[in-house]
Amino acid sequence: MGEFIGASGGILMIALIVILLYRFIIDMGIGKDRIDNKRIGGYALAAVCLGLLQMGIGAMVISFVYDNPVSVFNIEAIWDMAPVVGDSGPMPLFDILVKLLGSLLFKKYSACALYISFLSGVVTYVTLGLVIRRYYADEEEFADRGQGLFVSLICLPASVFLFLPSSFAMFMALLGVFLLVWNGGKGNKIASFIMAVICLLTHVSGIIAVCLCIAGLFMKAEGSKSVIRDVIVMSVSQLVVIMISLVLGWGCDIEYMLVYAVPALACLAGSRIKIDYNVQSFVNVFMVLLSGFVICGKLTGLF
Amino acid sequence: MEKIKINKNAYRYIGLFVMAIAIRWIIMWLSFVLLKQSNGINSGMFDYFYQKYIGCGDTSHYINIAANGYYASGEYANQIVFYPLYPLLMRIVAFVVRDYFVAGAIISNICLGVSAIYMYKLVDRELGGQKAMDSVMIYLLYPFGMFLVTVYTEGLFMMLALMCLYYIRSDRWIAVGITGMLAALSRTQGIALFVPAVYEVVVYMIRRKRFDMRCLGACLVPVGTFIYLLINKIVQGDWFAFLAHQKAEPWFNQSNWIADNLVQHYNMALESGFQGYIIYWVQLFLYFFGIATLFYGLYKGVSTSLIAYGGAYMFLSYLHGWLISGPRYMMGCVTLFIVYAVLDNRYIKGVILAVCGILAIFYTLGSWQGHAIM
């Protein structure tokens, strides 16, 4: 109970600091006209609930299997597998950030990694949610076709890895921010390139953001053609990253797979295909079951 | 017309000044009546106040610093952990009243009165007159407010913090710098005022799209902390000499991450029995209540810089390991009183006010009785 109270207190303070920084950015007038607080709040709340519940399930499974109660935030005890703390790949940004902020937090590196990654998970969901919204012309069309995609994003298999301490979680958040800038219209090329470099400094899969920038320079496209271009570039470059990573032994299968959610989303939202509600529900159920299978299998040591 | 308005405000501020001191002393008197009933004390309240509080908690340290200054070594060298502004003022006033305790009490009471005026002015500016009065009332009924009239830095710090926040919101940067610097010279948490100052300076300059030299006044806030560190260096030869003293007996204060400290409070609360209800449970409750209140304030549109001050203040306060003065420290988180005023439901406000009033008598009685309310 004490551990839970302490961790909750620490997380609340970090959350307050993050929200204040966000308000500071708004008060400075950056993107003021585009910020939809209600939508962002909704996505963030969904992401926080999802992250906490998945961690709670993890703690419950581990406590049950080993007959030893474990705190929800004892990440190393529950999720003692890649890609958790220590397996952050060859790119340095996550490690540097953890070391830097961890020093400020009285050398509590593991707690700091958890704070960064949990925040990254929330940012991933918020930014991808906003990216989906941008593909639709008006609110009605978004409600009709786009909202279901965000629900599918929540049901993504092994989405808990978007919240666990790893450079991958931070990379996904940065990729979401990159896509938001990338889809933000003309005049964002420099900002997009900077974000792409930051993505690459965080994780090898950041190559897909760099490839998108390069493709944008040489392959001009508008409307649905630009969506097709982006989806192809992201998918192919991620395939190349997977092959390189397999040869060099970086990352893990879940990391490879989760990145594909991004081009898949772009493809579904950008192509304006209306998916039948029942079909989408079945797909979501299948993904959720797969998620449960992966989590329980890993935590009970079956694979 | 202007003159009439000035006079009206002057009467209001004089009224607030007197009322603030009166309410705090009424609480002292009511709890003293209870103390007399239970302990059979014969002396009057002010006599007993003098006898009781002159050796109580940090008061004796402040009196010693005011009389003799900081020590380079020896038994009293550890008193350098106390910030210099309050004992300095005590020394100045003691030239007139010839008693350090009385001097300290006079300073605290005057500062309490002025702090109530600035609480009113700040909240009036943000939310209007009626809500400003609500803030003043809850501030005066804060359950651990007895430190505002005794020889502690609370009154002085509250006055300077509220003045600084008022000037921050009024874009009066030189006044921000001076009051912020003095606040940083009176308490560790004074440096927290730098956060809202920088916040508002940046927003102010972006709004006007030009650099304003007067904004540099806000940079005076950390100068207060620097002066304190300089005193450490001059007196004891180390910029951070106070840290070693804080770590040692009798304080055992060491900075830890908040999560670790909260675990410690919880464990201490379980072990401490009655003391848990006056220190550890209260600290734990106030932390989560404080954070929830700040989030609520953000939701209700309270100025972000004021919330940022509350966050920075709580952050600094709860970094202390072996914290035993959390309830007292939380009084300095003035944002909580402002957020209270934002509450729309007057019934809930009434309930909170009533609870605070009852607890104010309870904890003041505990303080008279000599319990560990620090």
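On the principal axes of its alpha carbon atoms, chain B extends 60, 52, 48 Å, with the longest extent given first. The residues neighbouring A:Y277, those whose beta-carbon lies less than 15 Å from its own, together hold a net charge of 0 under the Lys/Arg +1, Asp/Glu -1 convention. Normalised per residue, the accessible area of the range B:268-374 is 37 Å², obtained with a 1.4 Å probe and no contribution from ligands, DNA or RNA. Counting only other chain Cβ atoms within 10 Å of each residue's Cβ, the peptide B:290-297 averages 2.
Rolling a 1.4 Å probe across the protein heavy atoms gives the range B:167-238 an accessible surface of 44 Å² per residue.
Calculate the FRET efficiency for B:F362 and A:N188 from the Cβ-Cβ distance with a Förster distance of 51 Å, rounded to the nearest 0.05. Don't jump to the answer; show the numbers that get you there.
On the way: r = 60 Å, r/R0 = 1.17.
Working from the Cβ atoms, E equals 0.30.
Working note: 222 nm ellipticity from helices only, DSSP H runs with n ≥ 4, each -39,500 (n - 2.57), summed and divided by the residues of chain B, gives -23000 deg cm²/dmol to the nearest 500.
Distance cut-off 26 Å, Cα to Cα: go down the list B:K121/B:K349; A:K189/A:K225; B:K121/B:K300; A:K107/B:K247; B:K300/B:K349; A:K225/A:K274 and report the pairs above it. In this structure, no pair lies more than 26 Å apart at Cα. For the residues of B:248-258, the average number of beta carbons from a partner chain within 10 Å of their own beta carbon is 2. Protection proxy ranking, highest mean first, for peptides B:139-149, B:351-361: B:139-149, B:351-361, where packing is the per-residue count of other beta-carbon atoms within 10 Å, averaged.
Over all directions, the projected convex hull of the C-alpha atoms in the protein assembly as shown averages 36.3 nm² in area. Note on chain A: dipole from Cβ charges, positive end direction compared against A:W79, A:N183, A:Y43; the farthest Cα belongs to A:N183.
Spin-label model, B:I352/A:L239: points 7 Å from Cα along the beta carbon direction are separated by 6.0 nm.
Mean Kyte-Doolittle of at least 0.0 plus a Cα span of 30 Å or more along the axis: flag which DSSP H helices in chain B meet both, please. Qualifying helices: B:2-39, B:100-127, B:346-369.
Rg over Rh of the range A:254-303, using C-alpha atoms and the Kirkwood radius, what does it come to? Intermediate values should be presented prior to the final figure.
Details: Rg = 13.9 Å, Rh = 12.7 Å.
Ratio of gyration radius to Kirkwood radius: 1.09.
Summarising the label geometry, the points placed 7 Å from Cα in the beta-carbon direction at B:R12 and A:S8 lie 4.1 nm from one another. Annotation: per residue accessible area for the range A:148-303 equals 46 Å², rounded to a whole number [probe 1.4 Å, protein chains only]. Compared with the dominant Cα axis of chain A, that is its longest principal axis, helix A:261-270 is turned about 30°. Within 10 Å of the Cβ of each residue in A:19-26, the mean number of Cβ atoms contributed by other protein chains is 4. Projected label points at B:K36 and B:F252, each 7 Å from Cα along the beta carbon direction, are separated by 3.9 nanometres. Estimated at 0.36 nm per residue, the fully extended path between A:N37 and A:T300 surpasses their Cα-Cα distance by 90.6 nm. Ranking of A:E139, B:E75 by solvent-accessible surface, largest first: B:E75, A:E139 (1.4 Å probe, protein heavy atoms only, all chains present).
Hey, got the dipole for the protein assembly as shown? About the Cα centre, +1 on K and R Cβ, -1 on D and E Cβ, debye to the nearest 20? Before the final figure, lay out each step's value.
Numbers: 45 positive and 36 negative charges, 438 e Å.
Taking the Cα centre of the protein assembly as shown as origin, the dipole is about 2100 debye.
One decimal place: the segment B:A292-B:A244 gains 13.9 nm when fully extended, by the rule 0.36 nm per residue minus the C-alpha distance.
With a 1.4 Å probe, what is the total accessible area buried between chains A and B, in Å² rounded to the nearest 100? Spell out each step's value before the answer.
Details: alone 15930 and 16850 Å², together 30460 Å².
Answer for the A-B pair: about 2300 Å² buried.
Under 17 Å of direct C-alpha separation, and excluding same-chain neighbours fewer than eight residues apart, B:K209 reaches these lysines: A:K32. Once the C-beta distance of B:I234 and B:C56 is scaled by a Förster radius of 30 Å, the resulting FRET efficiency is 0.50 to the nearest 0.05.
Report, to the nearest whole %, how much of the accessible area of the range A:150-303 belongs to carbon and sulfur atoms, 1.4 Å probe, protein only. All intermediate terms of the calculation are to be shown ahead of the outcome.
Values: 5580 of 7220 Å².
C and S atoms contribute 77 percent here.
Hey, got the dipole for the range A:127-276? About the Cα centre, +1 on K and R Cβ, -1 on D and E Cβ, debye to the nearest 20?
Values: 10 positive and 10 negative charges, 92 e Å.
For the range A:127-276, the charge dipole is close to 440 debye.
Once the Cα atoms are used to define both axes, helix A:93-104 deviates from the longest principal axis of chain A by about 50 degrees.
The values are calculated or read from the model by the stated rules, or taken from the named source; none is laboratory data. Given the structure is predicted, the values throughout are model-derived calculations rather than measurements. Note: ideal-geometry Cβ built from the backbone for every residue, glycine included; neighbour counts use all protein chains shown. Accessible surface is based on the protein model in full, side chains and every heavy atom, while ligands, DNA and RNA are left aside. Shrake-Rupley method; radii C 1.70, N 1.55, O 1.52, S 1.80 Å.
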